[in-house]
Amino acid sequence: MQVITTTMRTPLIQTAVLACALWAALGAMPAKAQELTVSAAASLGNAMRDIGSAYQATHAGVKLNFNFAASGALLAQLQQGAPVDVFASADLETMDRADAAKLTRPETRVNFAANELVLVSPLAQPPKARTLADLAGAGVRRIAVGTPSSVPAGRYAQAALEAQGLWSAVSTKLVFADNVRQALNYVSRAEVDAGLVYRTDALIDKAQVRVDAVVPTVQPVRYPIAVVATSRHAAAAAEFVRFVAGPPGQAVLARHGFRAP
């Protein structure tokens, strides 16, 4: 009887051991990371990617996915129900529209960066304009700017030109871009004589682009960020917003030429 009893118990013991091993293995498997989608203005591309790397280095449970485009295009995506967790625009007006449409959580909104509008030209050729007024001269035929209706840099440019009474004089020369990086590319490739872009964008392509002047803007260039109202990960999204606006994010932004708001 003892032999029979021992033989019968062995499979039961093996099953229990296997079950414990399985549970231990399952417990050791990492939990699936929360994925946050961050829609940010095109001019933030390089800086925001670096901020994302710094954030994920200290927040192992979060994976960041970035979506870069003109602020107006990003707002249109939110209006159409795009699954986004955090929205960062290149101007206050676009964020105000998002707030008014109840697309963001106003209590999470914060201004986190500032920039400047600059007049640039291709480094491969002599500058044809040193001031906004020079853009009206016969020597300047094509000027790259963002489309004012959807690109904040374009709105800043239009307001600056209107303030100096130059809009009508240069409007036929304007080459409109879908975002500020595209405007910069037109200048880099010498497809235009001049362009109006952010200072941080001009710094990206110093080997091809010359900064000829800082353009005074009617409104200061400020960047706000907020949690999107429909975010499924509101707590994690709010933590990322705090990181961007806090010392770690500010240090990265400064390295990319952005100023404190």
Exercise. Which value, in Å², gives the accessible area per residue of region 67-213 when a 1.4 Å probe is used on the protein heavy atoms?
Worked result: 41
Exercise. Calculated from DSSP H runs of 4 or more alone, at -39500 (n - 2.57) each and per residue, what is the 222 nm mean residue ellipticity of the chain, nearest 500?
Worked result: -13000 deg cm²/dmol
Exercise. Given H placed 1.01 Å from N in the peptide plane, which residues other than close sequence neighbours of residue 63 have an amide H under 5 Å from its amide H?
Worked result: 34, 35, 36
For this session: Straight distance only, please: which aspartates and glutamates reach the Cα of residue 206 with their own Cα at less than 18 Å, same-chain residues fewer than 8 apart left out?
Result: 116, 191, 193
Exercise. Put a dot 7 Å past each Cα toward the Cβ at residue 167 and residue 111; how far apart are the dots in nm?
Worked result: 2.3
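Summing +1 for each Lys or Arg and -1 for each Asp or Glu, what net charge is found among the other residues whose Cβ lies under 12 Å from the Cβ of residue 112? Display every interim value, and only then the final one.
Working: positive: 109, 222, 242, 259; negative: none.
After counting each charged neighbour, the total is +4.
Once fully extended, how much extra length lies between residue 82 and residue 259, figured as 0.36 nm per residue of separation less the alpha-carbon to alpha-carbon distance? Please report the intermediate quantities before stating the final value.
Values: separation 177, 0.36 × 177 = 63.72 nm, distance 3.00 nm.
Taking 0.36 nm per residue and subtracting the Cα distance, the gain is 60.7 nm.
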Problem set entry | Within a Gaussian network of the chain (alpha carbon springs, distance under 10 Å), most fluctuating of 172, 104, 230 | 172
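Heavy atoms only, probe 1.4 Å: what % of the accessible area of region 62-132 goes to carbon and sulfur, would you let me know? All intermediate terms of the calculation are to be shown ahead of the outcome.
Working: 1560 of 2990 Å².
Carbon and sulfur atoms account for 52 percent of the accessible area of region 62-132.
Compute the signed sum of charges (Lys and Arg +1, Asp and Glu -1) over the other residues within less than 12 Å, Cβ to Cβ, of residue 150. Working shown, then result.
Numbers: positive: 97, 155; negative: 91, 93, 178.
Summing Lys and Arg as +1 and Asp and Glu as -1 gives -1.
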Problem set entry | Placed amide H near residue 142: partners under 5 Å, 5+ positions off or other chain | 193, 194
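Roughly speaking, what % of Cα-Cα pairs in the chain are separated by over 28 Å, rounded to a whole number?
Value for the chain (Cα pairs over 28 Å): 44 percent.
Ordering 112, 176, 243 by how much accessible area each has at a 1.4 Å probe, largest first, what is the list?
On the way: 112 0, 176 95, 243 25 Å².
In descending accessible area the options line up as 176, 243, 112.
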Exercise. Amide H to amide H under 5 Å from residue 112: which residues, 5+ apart in sequence or cross-chain, H placed 1.01 Å off N in plane?
Worked result: 223, 225
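The values are calculated or read from the model by the stated rules, or taken from the named source; none is laboratory data. Bear in mind that the values here come from a model prediction, so they are computed numbers and not experimental data. Neighbour counts are summed over all protein chains in view; Cβ atoms, including those assigned to glycine, are modelled from backbone coordinates with ideal geometry. Remember, those area values only see protein heavy atoms, side chains included, never the ligands or the DNA or RNA. Shrake-Rupley method; radii C 1.70, N 1.55, O 1.52, S 1.80 Å.
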